[in-house]
Amino acid sequence: MLIMNCGRIGHMEVSMSSGTGPMASSGAPAGSSGTTAAAPAPAMAAERPASHLYYVRVWHGPVGTGVSGTRYVELFGYAKVSEPDDNPYVVVNELVAARIGALIGLPVPPGMLIPTPAPAIGAGWVTMSFLNAPGALPPVNAGKAVAALPNVAAGVVVFDILIANSDRHGGNLALTAGPVLAAGGPAPGDRLEVFDHSHALVRFGHPTVADYLSSITDKLVIDGALLPESNRCVLLDHVASVQGILAWCQRLRTILSDAAIDEICEEAAMVTPAFTSTDAAALADFLKHRRDTIEDLARAAKDEFKAIPNADWTTS
């Protein structure tokens, strides 16, 4: 992944932000007084995490004489291009994951499509840096991240299930301190940065995109069992609230509409010749099915949530 200077961006204000079904009633236990236990209330949708603010590397002079005071700036970013012989869907996966992440309110850094020197491979992708200077961070401490931001962590797990992310290792998350939006304006806060989705969604090496997606439609994927090179989601063993998981399942169903999914996938079909409109339709169907069944997927995999007692799933 290359750190690149995104250049001078004019005529743009620098104000960028990242960012179930009915439960069965449980009958009274045998030998009880006959009082029927109340059915658990459906999960409320999770709250939107705080939006992150991103950094300007260099401030330059004004664009013109307008009263808004617009200025040229330079930003840091991380650039990717697709790899025709290895992973032609790199940019497709980054685009779709970023669009969905932003829509549901997760702190996925803003990104943009860019032209590449080789048009045959399609557009490239730049993710804005969440650091104040070029550099790399050590792998995230998953336990610390969950303790600091349990709602965001639960959202990342549910998001990864939705997009069939087989690569959420510790290097694809970062717990940082930085400015976030708060009541009264920007304020310092803990931030969980969610990035690098090249190996989510569509994988290379199958006869068609539809063939691959149909093979994983009802698989958890984030448990690391999909392929020998797959990584178990680093947060999976630490998220401790079943209500947090169910609340994010509900948030997906509430916000991620069919129309939004269709539009995102249609945009992806224009990124590279390797990903066609037929592929986009298959991906849209896959995402709609995952959204509609995501609570069932999580409940069926309750043993994978090591920090959540199995009993918690039966009472939620």
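Some notes on this structure:
- Whichever residue in segment 201-225 is closer than 24 Å to ALA274 by Cβ and among the aliphatic types (A, V, I, L, M) and, among such residues, is most open to solvent (accessible area, probe 1.4 Å): ALA210
- Hits in segment 251-267 - residues which are of a type in the set (A, V, I, L, M) and surrounded by 24 or more Cβ atoms within 10 Å (Cβ to Cβ): LEU252
- Selection over segment 226-250 of residues that are open to solvent by less than 10 Å² (accessible area, probe 1.4 Å) and outside any helix (DSSP H, G or I) gives a count of 4.
- Candidates ARG299, ARG253, filtered to the one that is under 16 Å from the mean Cα position of the chain (by Cα) and farther than 17 Å from ALA153 by Cβ: ARG253
- In the set (1) part of a loop (DSSP other than H, G, I, E, B); (2) of a type in the set (S, T, N, Q); (3) over 30 Å from PRO273 (Cβ atoms), the condition left unmet by ASN151 is number (1).
- Condition check for ASP167: open to solvent by 20 Å² or more (accessible area, probe 1.4 Å) and under 20 Å from VAL221 (Cβ atoms): yes
- Count of segment 174-193 residues which are open to solvent by less than 70 Å² (accessible area, probe 1.4 Å) and touching a strand residue (DSSP E or B) at 6+ places or on another chain (Cβ under 6 Å): 10
- Enumeration of residues in segment 301-310 that are open to solvent by less than 60 Å² (accessible area, probe 1.4 Å) and more than 17 Å from PRO150 (Cα to Cα): ALA301, GLU304
- PHE204 being more than 15 Å from the chain's Cα centre (by Cα) and hydrophobic (A, V, I, L, M, F, W, C): yes
The values are calculated or read from the model by the stated rules, or taken from the named source; none is laboratory data. Treat the numbers as computed from the prediction; the structure is a model and nothing was measured. Virtual Cβ from ideal backbone geometry, glycine too; neighbours counted across all protein chains shown. Remember, those area values only see protein heavy atoms, side chains included, never the ligands or the DNA or RNA. Shrake-Rupley method; radii C 1.70, N 1.55, O 1.52, S 1.80 Å.
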